[in-house]
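For reference, the structure is listed below as structure tokens.
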Protein chains: 2
Amino acid sequence: MPDSCILLLSGGLDSATCLLLARREGLDVHALSFDYGQRHAIELDCARQLAKRYGAQSHRVTRLDLAVPSASALTDASREVPRHALGDAAIPITYVPARNTLFLAHALAFAEAIGARDLFLGANALDYSGYPDCRPEFLEAFERMANLGTKAGVEGRRFRVRAPLLALSKAEIVKLAAELGLDFSLTNSCYDPSTDGRPCGACDSCLLREKGFREAGMDDSRVLRT
Amino acid sequence: MPDSCILLLSGGLDSATCLLLARREGLDVHALSFDYGQRHAIELDCARQLAKRYGAQSHRVTRLDLAVPSASALTDASREVPRHALGDAAIPITYVPARNTLFLAHALAFAEAIGARDLFLGANALDYSGYPDCRPEFLEAFERMANLGTKAGVEGRRFRVRAPLLALSKAEIVKLAAELGLDFSLTNSCYDPSTDGRPCGACDSCLLREKGFREAGMDDSRVLRT
């Protein structure tokens, strides 16, 4: 029986690429998405389609019941998602408190319960310039904590936090995803899409994606379609 | 304005004692309890009463939407809670995968959102003999991870995981709680209480509690009442 892994699947380009990487390794992928009141709920539809299309063993949307759900522009409709502001702030206002800690904690509980070992996430170099919970030192600290705080870890299973895109530029991710056969039109990156799912083209995430495709010399079928 | 803290409040003796300790320090206490499908849901009623009685600033019950909720005797009604088995197993079957990681992750997100710094929990020496996520090395690793993976941590707030009962025996906790004025009848420790809330008197947690009172030379008003 193939080994299992848990994959944090947001429905964006990066986590979709991780899904294909994990499948290429021959792993059974249990995909985990989160409903945390994000305004870009379209990404959950993308996640569902991606999980189905690329053969995830299971896909689950976990509802996160946050004590204070409104502290970020990603979850609070009264805050504007910044436009054309890439790189302005040290930590963007789209930061959601302890988000990756929460996501990975749920992934860890899931992994321990089903006997999986690897926790995949799409954190990457461009993100970690802004988000503290996408930095390698955080991911290493989480892995260490996970192996100290679980029965499986203590008994020697050794959980691993795997962020294969961590050191790649967006252009490199786009090329890798194309090489793996990803249908880009299934992915959403926009923080603030229109109600019919079209990307805004101006938020940090849209700008990063556009830059990635431009530098990779490729067309974005997500944008072409819409 | 007093400093705020987040307190994991299970409704048991240990977390209730932590609540009184945090209040004695003059902290505003935001209590956080979890509904994770535990069979001893009476503890949530105890938590509500304790939070009210001892002046918590707020109390919130967060629903944990676990991917695999049935892996422990605490959440799976088809598994027997072991009786008179204290200390038999290396890690008890009442272990819930990554439970303290999940609880602390939610507490951390809450703390960051409201500007709190300390995360209190009632982990103690007797528990950590069995549960990996009650050991000091786990709690230290969580704290380290928390300060690397959050905006507030990176910007210098320094979150602290505080487990003031960690090195105390159950008898010492009972004495401390009495000194602080805790009404023991408001707390529940039983893993498998009857439907009207009476402790079973035979699960690990009941046995530990009974031993604690006996060694402290005190009566347990929780048991006397029922």
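Bear in mind these aren't lab numbers, they're just calculated from the coordinates by the rules spelled out. Note that the structure is predicted; figures quoted are calculated from it, not measured. Glycine also receives a Cβ, built like all others from the backbone with ideal geometry; neighbour counts cover every protein chain displayed.
Counting Cβ atoms of other protein chains within 10 Å of each Cβ in B:111-118 and taking the mean gives 3. Figure legend: label point modelled 7 angstrom from the Cα of A:Val223 along Cα→Cβ; residues of the range A:145-173 with amide N under 14 Å from it are A:171. Karplus-based coupling profile of the range B:18-24, in residue order and whole Hz: 4, 4, 5, 5, 5, 5, 4, with θ = phi - 60° in 6.51 cos²θ - 1.76 cosθ + 1.60 and x standing for Gly or Pro. Ranked from shortest, the separations from the 7 Å Cα-to-Cβ label point of B:Cys200 to its equivalents in the other copies are 5.3 nm. Among the trypsin sites (Lys or Arg not before Pro) found in the range B:147-226, those both in a DSSP coil and sparsely packed, with 14 or fewer other Cβ atoms within 10 Å of their Cβ, are B:Arg158. Summing charges over neighbours of A:Arg160, with a neighbour being any other residue whose Cβ is under 9 Å away from its Cβ, gives +1 when K and R count +1 and D and E count -1. Counting from the shortest, the label point at B:Ser58, 7 Å from Cα toward Cβ, is 3.3 nm from the same position in each remaining copy.
A label point on A:Glu215, set 7 Å along the Cα-to-Cβ line, lies at 6.0 nm from each of its counterparts in the other copies, closest listed first.
Set the Förster distance to 51 Å, then compute FRET efficiency between B:Glu172 and A:Arg63 from the Cβ-Cβ distance, nearest 0.05.
So the FRET efficiency works out to roughly 0.80.
Relative contact order, whole percent, for the range B:96-159 stands at 29, derived from Cα pairs under 8 Å and 6 or more residues apart.
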